[in-house]
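Take a look at the structure below.
What follows is calculated from the coordinates using simple rules that are stated; it is not laboratory data. What you see is a predicted model; the values in this text were computed from it and never measured. Here Cβ is always computed from backbone atoms with ideal geometry, including for glycine, and neighbour counts include all displayed protein chains.
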């Protein structure tokens, strides 16, 4: 009898001890890690993005003229893939990019297991879980990139002016995480042929990605400002624009191995 | 004897060790914080204590924010302007909300109580979380007309707020996360569970209902609980209770889902403190509970989305109620008033 009680006591203590140990364990000290940067280059077709021009400084292939005043978007859940198919998924991977904030256009990824990566995948927008989990921190801290009356993140905002728009301007607030109006899109822009992202403890590769505003207006749906000047809630219009941003708006231009 | 000792010692040791693992000592919420005990007659909450553990300082900070007009653009309107304690945190006598610059909203300010148990907020359920909910009135141009960014800037410019937020969150500067978490400390604390009816259900002292009130309870159980379910008196669903034929002014749930089948459906509201939250319905159209009962008896209007429960087998619309049943129902509805909640000084504005 007494022995079994002691056993129980020891067992309980042992269980509690291991409970503590788990939390204090450092990541495997032998696994080597490195860093990489993603530089986002905002362009409109072949020109770079210059906001707030007094007169329209861009023209769509359909002949609509426009200028841009606001360009912001979320990138999340970045994943790196090796040739053997294994993947590294960045934890807490959320970035809010704002064209007015230069620093936001450089995504610094740390603690990546060293390796030769052949693929890059990420989501334009924010996964549905984080749209439903209340107050958030960091890039996800609630701001005007969050709809309050129909809770959820605005995944991308493009606003600007156009003489072709009836009200003189256009405003696309794209988001939606509930069926049938889901607007997050996961994309895997191709790496330049034969190029890999080589993550090493002493090398920080730099992936230069072009983000082409024109593609938002010219993808599967041709956007004409006279008839399609706004999207302000989850719905069919937002889905059309999301299909546009999924179709080549993000492309990898080149990679510096450094 | 010995054996008990050893087991006690073991569990004691284990408890110590487990406690050592916890990052903070905040395990059980202090009983003095309102709403930090779950009422025995309520279902499990949607927003559990673990999601934002109640603390005295957090609750007090949330209360200060709730009553602070600086959360509005021109510094004239606080949450408490539209949500008054004596009216169970609804807006006494106001059909629709009155915001900054005297601007009128389109909907009635609902009572705020037992929000911890709500899956969705607003009459159309558009807000999906108690924490992000306050961002809606803050940024609504006809309510508080502010931006979260600006509110955070104002708070950071105030030395007292800086200090109080730092005490609660341990990090600076104040951001929208801290603002929303702190407000939720207060809104989640608004538990109303001490009406005479609650005492009756829990077999507590003071919990007696008269014969008439009991008859009223039986009518609710028969005719209302399909929608006004559980002791929270709502099933958290969206339904059309026949207020209109086409809902041109407000399509309700359809505004969020964009589905024609949701047109005219609104969140089933609780009946707690119902005698104190007039006017009634999403647009505040009824001034009295008598009018509400008359509506159910003979005012229900047909439309494609009218709830099937409001179509009688004989084709009649609504819920037939004779004069006696109405009086009994009214008597019962008055037993849902929780004076303790309505006068709890801990929930009142501190001057």
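Here are some notes:
- Column: log10 I(q)/I(0), Debye, Cα scatterers of region A:159-255, q = 0.23 Å⁻¹: -1.13
- Summed over qualifying helices (DSSP H, 4 residues or more, each -39500 (n - 2.57)) and divided by its residue number, chain B shows a 222 nm mean residue ellipticity of -9500 deg cm²/dmol.
- Distance between the modelled labels on residue A:193 and residue B:237, one decimal in nanometres: 6.1 nm (7 Å Cα→Cβ projection).
- Within 10 Å of each Cβ in A:126-135, the average number of Cβ atoms from other chains: 4
- The overall shape of region B:211-347 is oblate: from the C-alpha gyration tensor, with semi-axes ordered a ≥ b ≥ c, the ratio a/c is 1.5 or greater and a/b is no larger than b/c.
- With the helix formula -39500 (n - 2.57) applied to DSSP H stretches of n ≥ 4, chain A reaches a computed 222 nm mean residue ellipticity of -5000 deg cm²/dmol.
- Inter-chain Cβ neighbour average for residues B:136-145, partner chain, 10 Å: 2
- Beta bridges by DSSP in chain B, antiparallel share as percent, to the nearest 5: 80 percent
- Anisotropy class of region A:28-256 from Cα gyration tensor, a/c 1.5 cut: prolate
- Extension gain for residue B:150 to residue B:208 (0.36 nm times residue separation, less C-alpha to C-alpha distance): 15.8 nm.
- Computed from the Cβ-Cβ distance with R0 of 35 Å, the FRET efficiency linking residue A:62 to residue A:106 stands at 0.60.
- Per-residue mean of C-beta atoms belonging to partner chains within 10 Å, peptide A:144-154: 6
- The protein assembly as shown shape via C-alpha gyration tensor axes, a/c threshold 1.5: oblate
- Once the Cα atoms are used to define both axes, helix A:2-24 deviates from the longest principal axis of chain A by about 30 degrees.
- Most simply put, the protein assembly as shown has about 85% antiparallel DSSP beta bridges, counting only bridges with both residues inside it.
- Top of A:175, A:115, A:134 by mean-square fluctuation, Gaussian network on chain A, Cα under 10 Å: A:134
- Degrees, to the nearest 10: A:236-246 long Cα axis against longest axis of chain A: 70 degrees
- Förster-model FRET efficiency, 30 Å R0, residue B:260 and residue B:44, C-beta, rounded to 0.05: 0.30
- Modelled label positions at residue A:82 and residue A:69, each set 7 Å beyond Cα in the direction of Cβ, lie 5.0 nm from each other.
- Antiparallel DSSP beta bridges within region A:28-256, as percent of all bridges there, nearest 5: 85 percent
- Part-to-part distance (alpha-carbon centres) for region A:134-172 and region A:231-258, which is given in Å: 15 Å
- Label sites at residue A:43 and residue A:232, each approximated as a point 7 angstrom past Cα along Cα to Cβ, lie 3.4 nm apart.
- From the alpha carbon centroid of region B:116-189 to that of region B:245-263 is 29 Å.
- Degrees between helix B:159-169 axis and first principal axis of chain B (Cα, 0 to 90, nearest 10): 80 degrees
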